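Remarks on the structure that follows.
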Amino acid sequence: MTSRAAIALLIAAFAASYALAQGSDDKRRSGYQDMGEALQKMQDDDSANPGMLFVQLGRQLWDKKAGSADKACADCHAIAVMKGVAARYPAIPQGADTPIDLEGRINLCRTEQQRGAPFPPEDQELLALEAWVAYQSRGEPIAPPDDPRLAPFRAQGEALFRLRRGQLDLSCAICHDDNAGKKLAGATIPQGHPNGYPVYRLEWQTLGSLKRRLRNCLFGIRAETPAWSAPDYVALELYLMQRARGLPIEVPAVRP
Amino acid sequence: MSNVLINAPKTAKSGELIELKALIMHPMETGFRPGTNGRIIPRNIIQRFVATWNGEEIFSMAFSPAIAANPFVSFFVVARQSGTVELHWTGDEGFDVKEQVAIAVG
């Protein structure tokens with residue numbers, strides 16, 4: 001398939017899935033729909049989307065042996081099996097009782113299977129691996145699992161989403177539910193759906209995780225940011241994924 | 001580990017104007033930013049990009065610290081003969097990446 005045909009197909013797939021997601025009176029919009037045309041084209045063209053560099057890096061790292069067990073991701077998992085994984089995370093891993101996000105899952109494999117040191121937050125290799133895994137779910141609708149054990153964490157996430165905090169005394173909901181679509185200075189306030197993470201954010205000039213984005217927002221409202229390892233982020237992500245159920249995964253998305 | 005994405009047509013008609021696009025992973029560190037320890041992070045940018053077609057230069061540019069990370073370059077060229085286009089990036093800290101694409105002109 002030529003790249004042009006692939007792009008056309010991708011645009012058609014996105015358009016179709018948005019049409020599906022918005023069939024009735026569903027008012028949800030991906031951040032993609034709130035961007036300018038130039039950025040949308042940048043995201044759609046795989047040879048202009050800088051996130052694809054990280055996807056390519058992730059593909060190389062997937063086959064690279066690491067840790068004292070000298071195992072590569074590819075030694076255990078066929079990459080094709082990763083299709084749909086990013087659409088259903090966070091999830092509770094076997095033998096555990098708290099949910100982890102996709103990067104938590106990668107780090108768990110890293111320490112338990114490869115017997116290596118876990119990646120630090122926002123590590124380029126971690127983001128690249130996450131992008132490569134999530135890229136397999138591109139175009140798949142977000143489908144959070146019905147695991148009843150997740151319900152309390154999801155409820156906690158929703159409570160955090162509605163919690164007013166910081167010197168500006170704002171909650172996530174005030175901007176992203178009540179005022180989404182309006183302007184904050186020159187920028188359109190998006191609805192805050194997590195369907196493109198890890199995203200290539202032009203302001204960061206690199207790929208970044210949902211956690212980084214959430215910390216950015218907290219910093220912006222002058223609230224205290226929980227530690228990188230805090231369970232708050234996973235709880236919030238659980239609620240956000242539930243809220244975005246059905247929207248297609250766009251990894252690697254480009255955002256301003 | 002070099003990480004490049006190139007978009008070039010595999011075939012072109014003789015005399016046709018074609019677009020070549022190339023994206024490369026690079027931090028493009030400006031040399032003006034302090035790091036977490038307060039010291040300036042040394043400049044690390046790509047300095048020069050040269051494209052050749054069968055060895056003959058068809059496009060070149062000088063980079064500056066104001067260019068964003070992971071720079072994207074796009075340019076047009078008239079296809080005259082089948083051959084190899086070589087893209088060559090050089091820069092600070094011994095950065096040196098070469099990539100080739102073959103284009104058949106008929």
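The values are calculated or read from the model by the stated rules, or taken from the named source; none is laboratory data. A quick note: this is a predicted structure, and the numbers were derived from the prediction, not measured. With ideal geometry, Cβ positions are generated from the backbone for all residues, glycine too; neighbour counts draw on all protein chains shown. Just the protein is used for accessible areas: all its heavy atoms, side chains included, with ligands, DNA and RNA removed. Shrake-Rupley method; radii C 1.70, N 1.55, O 1.52, S 1.80 Å.
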antiparallel share of DSSP beta bridges within the protein assembly as shown, to nearest 5, in %, is 90 percent
Between A:Arg245 and B:Ile41, what is the spin-label point distance in nm, taking each point 7 Å from the Cα along the Cα→C-beta axis? 4.1 nm
List B:Ser74, A:Ser47, ordered by accessible area with a 1.4 Å probe, largest first: B:Ser74, A:Ser47
Suppose R0 equals 56 Å. What FRET efficiency, 1/(1 + (r/R0)^6) with r the Cβ-Cβ distance, do B:Asp92 and A:Asp26 give to the nearest 0.05? 0.65
Expected vector for region B:84-97, Karplus 3J(HN,Hα) from phi with 6.51, -1.76, 1.60 and θ = phi - 60°, integer Hz, x for Gly and Pro, equals 10, 9, 10, 10, 9, 10, 10, x, 4, 6, x, 5, 8, 10
Looking at region B:22-73, which trypsin sites (Lys or Arg not before Pro) are in a loop (DSSP not H, G, I, E or B) and have at most 10 other Cβ atoms within 10 Å? B:Arg39
Candidate residues A:Ile142, A:Ile106: accessible-area rank, largest first, probe 1.4 Å: A:Ile106, A:Ile142
Counting only heavy atoms of protein chains, what accessible area per residue, in Å², does the protein assembly as shown have with a probe of 1.4 Å? 50 Å²
Of all stretches in chain A that avoid GluC sites (Glu not before Pro) placed in a DSSP loop and having at most 14 other Cβ atoms within 10 Å, the longest is A:1-202
For A:47-53, mean number of other protein chain Cβ atoms within 10 Å: 6
Project the alpha carbons of chain A onto their principal axes and report the range along each, largest first, in whole Å. 51, 45, 34
Taking N as the residue count of region A:88-182, its alpha carbon Rg divided by 2.2 N^0.38 Å gives 1.33
Summed buried accessible surface, chains B and A, 1.4 Å probe, nearest 100 Å²: 1300 Å²
Sorted by accessible area (1.4 Å probe), largest first, how do A:Asp177, A:Asp97 line up? A:Asp97, A:Asp177
Using a simple charge model, +1 on the beta-carbon of Lys and Arg, -1 on the beta-carbon of Asp and Glu, nothing else, what dipole does chain A show about its Cα centre, in debye to the nearest 20? 220 debye
Can you tell me the length gained on complete extension of the stretch B:Lys10 to B:Glu99, counting 0.36 nm per residue apart and subtracting the Cα distance? 30.6 nm
Difference of contour (0.36 nm per residue) and Cα-Cα distance, A:Gln33 to A:Asp123: 29.5 nm
Mean Kyte-Doolittle hydropathy of -0.5 or higher plus an axial Cα length of 20 Å or more: which whole DSSP H helices in chain A meet both? A:3-21
In region B:4-105, taking the dipole from +1 charges on Lys and Arg beta carbons and -1 charges on Asp and Glu beta carbons about the Cα centre, the listed residue (B:Phe75, B:Val97, B:Val85) farthest towards the positive end is B:Phe75
Find which of A:Ala87, A:Gly181, A:Ser68 sits farthest along the positive direction of the dipole of region A:3-255, computed with +1 on the beta-carbon of Lys and Arg, -1 on that of Asp and Glu, about the Cα centre. A:Gly181
Carbon plus sulfur fraction of accessible area for the protein assembly as shown, probe 1.4 Å, in percent: 54 percent
For an R0 of 30 angstrom, estimate the FRET efficiency from the Cβ-Cβ distance between A:Arg164 and A:Gln60 and round to the nearest 0.05. 0.10
How much solvent-accessible surface does A:Thr111 expose, in Å² to the nearest 10, with a 1.4 Å probe and all protein chains in place? 50 Å²
Between the alpha-carbon centers of region A:198-256 and region A:96-150, tell me the distance in whole angstrom. 14 Å
Given the pairs A:Lys83/A:Lys211; A:Lys71/B:Lys98; A:Lys83/B:Lys98, which span a C-alpha to C-alpha distance of over 25 angstrom in this model? A:Lys71/B:Lys98; A:Lys83/B:Lys98
Hull volume per residue for chain B, using the convex hull of the C-alpha atoms, in Å³ is 90 Å³
Charged-residue dipole, Cβ positions (Lys, Arg, Asp, Glu), chain B about Cα centre, Debye nearest 20: 200 debye
Ignoring ligands and nucleic acids, B:Glu57 exposes an accessible area, probe 1.4 Å, in Å² to the nearest 10, of 100 Å²
In Å², nearest 10: area of B:Lys13 left accessible to a 1.4 Å probe: 140 Å²
